[in-house]
Each structure stands twice: as structure tokens, then as C-alpha cells.
Amino acid sequence: MAKISQILAMIFGLTASAALNAQSCTLPADIRQTHLEAQHAETRQAKIGGYLLSFSWSPEVCFNAQSHPHDSAQDITLQCGPDKHFGFVLHGLWPEGQVENGWPQYCRKVEPVAPATLRKMLCHTPSVSLIEHEWEKHGSCAAPTPEVFFAQSARLADAVRLPSLAGLTRGQVNASAVRATLIAANPRLPHNAIGIRVNKGGWLEEVRLCLDTGFHYRACPSYSIGAQDGDRIKIARIR
């Protein structure tokens, strides 16, 4: 009976998360583009050995935006406004290298992302500056155009069922509980394909799914695992 109730709780949490994200995704009529940054960044060419599909835990993003604001007012409103209740949101699809700290980045000079493409991605990634950054830093190494890059990112993200983690936001839990909740929602997701990033305070920041060059799940390299199963972490609640 206990196992059945746990499964039902996970299913309810998943449904609630999907509904909250759908309700939160309301876009303004005017989307203002930000700026390119590559002229200030290091170009790094490297052979792609796999990918990370990274999802940020939005309640933690918004807490940090309020306590240490550095994003634009537009981005804070899109993701953290009073009517926004996002759970997991897509951070990005990152090409990885074949060795630690060997990922490619800013591989070529690129043009800004077209406004129509920005709008298509804002329900996945509710931040204009982050979408532009993802194309410039990561997409420039992985795809010929932003449309191809973000279409692939969206397809991969849409294939993942993202739980709300509602049952894990009281006190501390083991990182293994986060992995187990993701696997309950995605039975084909291998345990060792889930990386978890926490900040210095022990709060969940991101879940990162490790993919091979064909975009299939693979065991995460040791440097991508992040929190170990026995590590204690805290999870901010969805408002």
C-alpha cells in the first residue's frame, strides 16, 4: 500500500508540474532582444563526445534573482513574476568534449536569434538572454542555425516527463530520491545518466541528463555526476 501511495504522489506531482508550467507560460506582446557576448568570451574548439540536457529548478533560480539580481527586468518577469510558477525549465543542450573541462564553446561568430525563434523557445526557457546565450555559447558548436539547434533542444526536452518534486521540498533529502523520482516518471531513464548540481548552500540548482552523440541516454562521466546518491540536498518549493 505504501508503494502505491508513493507512486500516486509522484504521478500527481508530475501532473501538477505540467499544469503549473503551462499556466506560467504567458508571453508579452513585445520581446526585447539582448546582446551578443562572444567578443568577450573564449573560443574553444573540441570534438563532441556527448551532450548534457540541462534543466534548471526555477524556484531556486528565482530566489537567487531576488537576492542577487543580475538578469534583466524582462527576464525576471518572464520567469519569476507573481503569476509565474515554473518547476523545471530547460537550461540548455550542451555539447560536451571527451575529457573533463574540454567542452567546445563559442565556436564561431553568430547572428542574434530571430524574434520568432525566441518566442517559440520561451515556454521551454523563460529568459531571452539565456536563449541567446545558449545559441552563442553552445549552439554555435552543435548546429548550423538557431532554428535547428532549438528544435533539437525542444524535442529532447519534450521527451522528458518532469516531476514537480512536491514531495521532496520539506527538509533535506538524499540526491538518490531526486533520481528515483525522475526515473519513476521516465522508466527508461538510467540511474547513472542523471547528474545533479547543487549550490554551495546545498540547494538543488539543476538536473542534467547525459546523452551520447546520437542523443541517447548514456552513463554520465564522473565529472558530470555532481551530487552523489548519499548527499543531502534541499529543494526550494514552487510558489
Among 218-227, 82-91, what's the highest-first ranking by average C-beta atoms within 10 angstrom per residue? 82-91, 218-227
Please compute the modelled spin-label separation between Arg155 and Arg32, points set 7 Å along Cα→Cβ, answer in nm with one decimal. 3.5
The chain: DSSP helices with Cα axial extent of at least 15 Å and average Kyte-Doolittle hydropathy no lower than 1.0: 175-185
What is the set of long-range amide H partners of Glu206 at a cut-off below 5 Å, with H atoms built 1.01 Å from backbone N? Trp57, Arg197
When the distances between all Cα atoms of the chain are binned every 5 Å from zero, what whole-number percent does each bin get? 1, 6, 14, 18, 19, 18, 13, 7, 2, 1, 0, 0
Three principal axis lengths of the stretch 151-234 [C-alpha, angstrom, descending]: 37, 26, 21
Place a point 7 Å from the Cα of Arg232 along the Cα-to-Cβ direction; which residues of the stretch 185-226 have their backbone N under 15 Å from it? 201-204
So how many Lys-Lys pairs in the chain land under 19 Å Cα to Cα, not counting same-chain pairs under 8 apart? 5
Sort 193-199, 208-214 by the packing proxy (mean of other Cβ within 10 Å over each peptide's residues), most packed first. 193-199, 208-214
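For the chain, what relative contact order do you get, as a whole percent, if you take Cα pairs closer than 8 Å and at least 6 residues apart?
Relative contact order here is 26 percent.
Every number in this text was worked out from the coordinates using simple rules, so none of it is lab data. No experiment lies behind these values; they were computed from the predicted model shown. Neighbour counts run over all protein chains shown; Cβ positions are idealised from the backbone, glycine included.
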